[in-house]
Amino acid sequence: MFGFAGLMGQTFQLNQPFMDLGETVVKGTDTASVGLTSISHHRGETNRYTKSHSQRVVTQLPVTLRPSIFAAFEYDQYRYTKLASDHSIRLLKLHPPATGSPDSTTDDFISCELEEFALADNPKYEALSYAWGVFPRDFPVVVVMPAMARTGKITALFTNPSLYTALKRLRHPTQTRALWIDQLCINQEDDDEKSKQVVLMADIYKNAQRTVVWLGEEDGDKKVLSEMVEFFASRPSKPEKQDANLVKIMLDLGYTENSPDDITRRQWRHQALVRLLNRSWFSRAWIFQEVVMSTQVLLICGDLEMSLENLMRLSNAVFLVEQEEQGYAHSLTTSTTGFDTLYLIKHSKPGGCGDPECERRNFKPGFLGLLMQALQQLEATIPHDLIYTFMAFREDVIIIPDYKAPVSLCWTDAAKNIIIATKSLDIFSAVRGDEPCSVSLPSWVPDWSKCYPYARPICAPDFKSDFKACNALLGDNHKSHTLETACPHIWEDASPDVLIVTGKVIGVISWLSPLSFETTYYREGLKSVFSLDQQVRFLKRCLVNPSSNAQHLRQDTEERVMRTMLADGAFGHNQPLAVSPQKIIQICSEEEEIETELRKVGSVLLSEEITQKKEILDRCRQWSLVVQQKRLFLCQGSEGGLLDLGLAPKVVKKGDLVCLLHGSKVPCVLRSLDEGDAWYRVIGQCYLDEWMYGSPPLGRNWSSGGEQKFVLV
């Protein structure tokens with residue numbers, strides 16, 4: 001047997017600090033101000049809508065081998081006792097390393113006690129946030145019990161390599177340390193207990209004295225990461241442009257005047273940060289609630305420690321420098337998962353990001369909007385957790401965790417209760433159209449593991465929009481022109497897989513452009529993004545027939561196509577477009593000249609005319625993101641027979657219906673399952689030119705009434 005000296009030591013108190021950040025002052029030379037002329041990370045946006053989890057780059061961590069000494073002992077599986085109440089939690093008291101034994105291998109053994117507390121009694125503890133990983137749980141953590149001394153049997157919990165290495169690092173040399181760790185403090189074999197404990201998670205992290213984030217063991221990047229962390233820790237927080245100036249001297253993103261060794265060091269620093277932000281912790285869904293709800297957060301990577309605030313400062317400064325030197329397409333937001341995760345955390349914490357000009361300060365994000373943004377970059381091993389991990393932000397949305405329920409029921413109930421609580425069909429922004437799904441779901445329920453399959457939607461949840469198309473259903477009622485919000489959806493009870501919506505068919509899709517807009521990036525050139533000449537040529541061929549009721553489309557065709565491709569500014573915070581389509585077409589034609597002038601003289605020396613064109617060009621590049629994965633279509637109007645031009649997910653088909661629905665700010669595309677049947681699939685949102693602001697276009701023989709119910713399955 002082996003000895004466990006000091007197993008019942010004093011409780012570790014948090015007023016005994018860890019390694020103090022900011023001890024070392026790294027001197028650097030100030031540089032000229034960074035000219036941030038490139039497009040900024042869009043305020044109010046926290047992701048790219050085309051992110052794919054399957055293409056994610058994940059930093060491979062050092063392998064933790066199972067110590068051979070573990071095989072020399074037999075362990076009894078620890079048996080949890082039932083918690084006294086639904087508001088009780090267990091805390092793990094982590095013991096110091098074993099001492100007093102000549103066998104140094106006993107340091108591999110971790111020992112602890114488990115003790116139950118009522119959360120209302122405010123026990124003193126730290127909470128741990130970490131990535132579970134996919135490794136088996138076969139590392140023993142010995143639970144010290146009175147029976148152990150009498151019987152000689154070793155009782156243990158079993159954990160995975162990630163948590164095992166964290167516990168070894170977190171042990172205090174001489175004292176017991178109280179921790180809350182989900183993997184060990186919750187009986188993972190008891191679905192009922194898990195369902196009840198999930199409800200408490202927000203309070204558990206909120207009440208913790210601090211949250212410790214375990215990023216994994218250190219690797220070859222330790223030295224350069226330490227340099228950068230100390231560099232920022234030794235300097236007070238500054239405006240982001242000044243932080244960018246500080247970090248610019250540390251990186252190499254195209255400099256040629258330095259020695260090869262200096263360039264290599266700078267590149268290594270940059271890649272070290274990229275690898276850090278691609279550690280699996282940054283893509284784990286649970287970490288979002290854990291960190292947002294915590295009052296103090298310390299990140300640990302091996303024996304390197306940093307505050308969350310300093311990592312945010314560092315990553316944002318590097319992003320700004322990258323954007324200046326290489327453009328948004330080659331920045332941390334595209335090369336890492338962690339940058340967007342930190343950005344979303346920063347803007348979701350109480351008080352927001354602290355920037356008085358941030359668009360997100362002007363509205364309180366709802367549960368659906370937060371969910372859809374977060375799930376662009378976060379994932380969970382258990383599909384239920386794609387919903388349950390955001391319990392703290394659900395507000396009026398009823399979510400009752402139940403791990404015994406099928407995933408399909410969990411996801412469908414979430415969608416149903418979001419619609420009921422919001423009286424809105426904003427959730428249609430994320431429906432999957434014809435995309436396959438691993439879970440059998442109704443068409444109106446998003447695949448929560450793959451939100452926004454057709455890139456940026458026409459109207460994302462919680463994104464400020466002036467669209468209110470469904471108000472046209474109010475007919476001549478004067479409120480149709482003054483109502484600020486869309487007329488609400490009224491819930492009707494039906495079977496669990498059915499959603500009943502009310503509205504009106506305003507047309508049938510009669511033509512599709514043969515050219516769809518794939519996932520492209522604006523720095524390839526807006527001409528290639530839009531293919532305006534080709535799109536106009538295709539449309540004009542369709543409009544040759546004089547009996548097509550399309551005289552209005554033959555006028556100003558280029559401008560109409562451009563406005564439709566940009567969905568009249570759907571990606572901006574204000575609609576309609578702040579710049580006329582004619583001006584946008586002109587700027588797109590001059591894009592190369594504008595960029596040439598910028599490279600020639602630099603942003604500071606640009607003429608006023610070129611500066612204005614550059615600003616419009618940057619706006620166009622933002623607005624253009626809405627066209628990805630979409631297709632232009634013509635809609636044969638049901639009233640008056642006129643054709644309308646629109647933009648919809650590329651999977652739309654001829655014969656699909658374009659409808660206005662109560663609760664949807666924008667028109668929606670529905671597909672009948674059988675002719676004459678009232679059952680439909682929802683394909684997605686669409687933009688329909690001149691129909692977006694709550695009243696029919698001029699010349700339409702529109703009348704109120706004539707609404708019908710659509711049964712969505």
Restricting the stretch 611-654 to residues that are open to solvent by less than 10 Å² (accessible area, probe 1.4 Å) and among the basic types (K, R), which is modelled with the lowest pLDDT? R621
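Do you know which of the residues in the stretch 474-525 that are assigned to a helix (DSSP H, G or I) and buried (at least 20 other Cβ atoms within 10 Å of the Cβ) is modelled with the highest pLDDT?
Narrowing the stretch 474-525 to residues assigned to a helix (DSSP H, G or I): 474, 479-482, 522-524.
Within this subset, residues satisfying the condition of being buried (at least 20 other Cβ atoms within 10 Å of the Cβ) are 480, 522.
Values: S480: 45, Y522: 53.
Going through the qualifying residues, I end up with Y522.
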Looking at S294, is it open to solvent by less than 20 Å² (accessible area, probe 1.4 Å), at pLDDT below 95 and under 20 Å from the mean Cα position of the chain (by Cα)? no
Of the residues V445, V439, which single one is surrounded by fewer than 20 Cβ atoms within 10 Å (Cβ to Cβ), outside any helix (DSSP H, G or I) and either touching a residue at least 24 places away in the same chain (Cβ under 8 Å) or hydrophobic (A, V, I, L, M, F, W, C) (or both)? V439
Residues located in the stretch 152-167, provided they are open to solvent by 20 Å² or more (accessible area, probe 1.4 Å) and over 15 Å from F70 (Cα atoms): G152, S162
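Can you confirm whether Q289 is part of a loop (DSSP other than H, G, I, E, B) and modelled with pLDDT of 95 or more? Before the answer, list the steps.
Numbers: part of a loop (DSSP other than H, G, I, E, B): no; modelled with pLDDT of 95 or more: yes.
So Q289 does not fit the description; no.
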Which count do you get for residues in the stretch 427-465 that are in contact with a Cys (Cβ under 7 Å, 6 or more places away or on another chain) and of a type in the set (D, E, K, R)? 1
Could you list, in sequence order, the residues of the stretch 296-338 that are farther than 28 Å from T64 by Cα and among the hydrophobic types (A, V, I, L, M, F, W, C)? M312, L314, A317, V318, F319, L320, V321, A329, L332
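For the stretch 154-251, give me every one of the strands (runs of 3 or more DSSP E) that falls completely inside it and has 2 or more residues that are touching a residue at least 12 places away in the same chain (Cβ under 8 Å) and more than 29 Å from the chain's Cα centre (by Cα). Explain how you work it out, then say what you get.
Details: elements: 154-159, 177-180, 211-216.
It comes to 154-159, 177-180.
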Across the stretch 194-253, what is the number of residues that are buried (at least 20 other Cβ atoms within 10 Å of the Cβ) and of a type in the set (K, R)? 2
Given (1) farther than 17 Å from T341 by Cβ; (2) modelled with pLDDT under 70; (3) open to solvent by less than 40 Å² (accessible area, probe 1.4 Å), where does I69 come up short, assuming only one miss? (2)
Looking at S331, is it open to solvent by less than 10 Å² (accessible area, probe 1.4 Å), more than 30 Å from W180 (Cα to Cα) and either of a type in the set (F, W, Y) or at pLDDT below 95 (or both)? yes
Condition broken by T564, with the remaining ones in (1) at pLDDT 90 or above; (2) open to solvent by 20 Å² or more (accessible area, probe 1.4 Å); (3) out of contact with any helix residue (DSSP H, G or I) (no Cβ under 7 Å at 6 or more places or on another chain) satisfied: (2)
Can you tell me which of (1) on the phi < 0 side of the Ramachandran plot; (2) open to solvent by 10 Å² or more (accessible area, probe 1.4 Å); (3) of a type outside the set (V, I, T); (4) part of a loop (DSSP other than H, G, I, E, B) is the one A392 doesn't meet? (4)
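Could you grab me the full set of residues in the stretch 65-84 that are within 20 Å of P161 (Cα to Cα) and β-branched (V, I, T)?
I69 - this is the single residue of the stretch 65-84 that is within 20 Å of P161 (Cα to Cα) and β-branched (V, I, T).
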Can you find a residue that is surrounded by fewer than 21 Cβ atoms within 10 Å (Cβ to Cβ), of a type in the set (D, E) and in a loop (DSSP other than H, G, I, E, B) anywhere in the stretch 342-356? yes
The stretch 661-684, residues that are at positive phi and buried (at least 24 other Cβ atoms within 10 Å of the Cβ): G684
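Does at least one position in the stretch 265-272 carry a residue that is at pLDDT 85 or above, out of contact with any Gly (no Cβ under 7 Å at 6 or more places or on another chain) and over 19 Å from H330 (Cα atoms)? Please lay out each step first, then the result.
From the stretch 265-272, those at pLDDT 85 or above are 270-272; that's our starting set.
Checking the rest, the ones that are also out of contact with any Gly (no Cβ under 7 Å at 6 or more places or on another chain) come to 270-272.
Narrowing the set further to residues that are over 19 Å from H330 (Cα atoms) leaves none.
Scanning the stretch 265-272 turns up no residue that is at pLDDT 85 or above, out of contact with any Gly (no Cβ under 7 Å at 6 or more places or on another chain) and over 19 Å from H330 (Cα atoms).
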Residue check, E707 against (1) buried (at least 20 other Cβ atoms within 10 Å of the Cβ); (2) at pLDDT 90 or above, all met but one. Which one? (1)
Just wondering, is there one or more residues in the stretch 375-387 that are surrounded by 18 or more Cβ atoms within 10 Å (Cβ to Cβ), modelled with pLDDT under 90 and not acidic (D, E)? yes
Scan the stretch 575-598 and tell me whether some residue there is open to solvent by less than 20 Å² (accessible area, probe 1.4 Å), modelled with pLDDT under 90 and among the aliphatic types (A, V, I, L, M). yes
Checking the structure you have, find out if any residue of the stretch 583-591 is more than 34 Å from the chain's Cα centre (by Cα) and in a loop (DSSP other than H, G, I, E, B). yes
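The values are calculated or read from the model by the stated rules, or taken from the named source; none is laboratory data. A quick note: this is a predicted structure, and the numbers were derived from the prediction, not measured. Neighbour counts run over all protein chains shown; Cβ positions are idealised from the backbone, glycine included. For the accessible areas, the whole protein counts, side chains as well, though only heavy atoms, and no ligand, DNA or RNA atoms are used. Shrake-Rupley method; radii C 1.70, N 1.55, O 1.52, S 1.80 Å.
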